[in-house]
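Where a number appears in this text, it was derived from the coordinates with a stated rule and is not lab data. Computed from a predicted model, the values in this text were never measured in an experiment. Cβ placement follows ideal geometry from the backbone for every residue including glycine, while neighbour counts extend to all protein chains displayed.
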Amino acid sequence: MEGKVIAVCISEKKGTEKVNIHSCEVIEGFGLKNDAHGGSWHRQVSLLSHEKIEDFKTRGGFVEKGAFGENIIVSGIDLRNLPVGTKIEINGVLLEVTQIGKECHSHCEIFHRVGECIMPKEGIFAIVLKGGTISEGDKVIILEK
């Protein structure tokens, strides 16, 4: 199964929208360089399907890339259906899926601005097994679990 990177986004503060920086160094055991969610934990990188964002837009939500707090937007793959443990390769960077969706305890800034956040239902999270650089247009390859 293959897809394509549509955007690479980071934010300096947790709970805020991320900004598309188009390309970023990904650090093994940490996440995206200069991203607030990077660190030694199980949600180093967040991924969201481009198609789910487009679906949200057709329902009247206007959002920029990174609006849901996602690091990497991928087209061509329904990420939510990947089981925990799945490995994803992007330009030599190796990610392992650690969580599908998340709980949104207190409605974040994104929910208040947009009225809904699709990240809790549609987003997936991963750790970085091997670092490198991820850029828009890179091929996304789903490896065997």
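Summary table below
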quantity: Listed residue pairs exceeding 26 Å between alpha carbons, taken from LYS13/LYS52; LYS14/LYS139; LYS33/LYS57; LYS57/LYS130; LYS33/LYS87; calculated: LYS14/LYS139; LYS33/LYS57; LYS57/LYS130
quantity: Relative contact order (%) - segment 2-140, alpha-carbon pairs under 8 angstrom, separation at least six; calculated: 36 percent
quantity: Dipole magnitude of the chain about its Cα centre (Cβ charges: Lys, Arg +1; Asp, Glu -1), debye to nearest 20; calculated: 200 debye
quantity: Sequence of VAL26, VAL84, VAL63 once ranked by neighbouring C-beta atoms within 10 Å, starting from the fewest; calculated: VAL84, VAL63, VAL26
quantity: LYS33-ASP78 pseudo-label distance in nm [points 7 Å out on the Cα-to-Cβ vector]; calculated: 3.7 nm
quantity: Cβ-Cβ FRET estimate between LYS14 and GLN99, R0 fixed at 25 Å, reported to 0.05; calculated: 0.95
quantity: Residue order, fewest to most beta carbons within 10 Å, for GLU96, GLU89; calculated: GLU89, GLU96
quantity: Proximal charge balance of CYS24 [Cβ under 12 Å; K/R count +1, D/E count -1]; calculated: -2
quantity: Residues GLU122, GLU28, GLU70, sorted so that the one with the fewest Cβ neighbours within 10 Å comes first; calculated: GLU28, GLU122, GLU70
quantity: CD proxy at 222 nm, helix term only [per DSSP H run n ≥ 4: -39500 (n - 2.57); per residue of the chain; nearest 500]; calculated: -3000 deg cm²/dmol
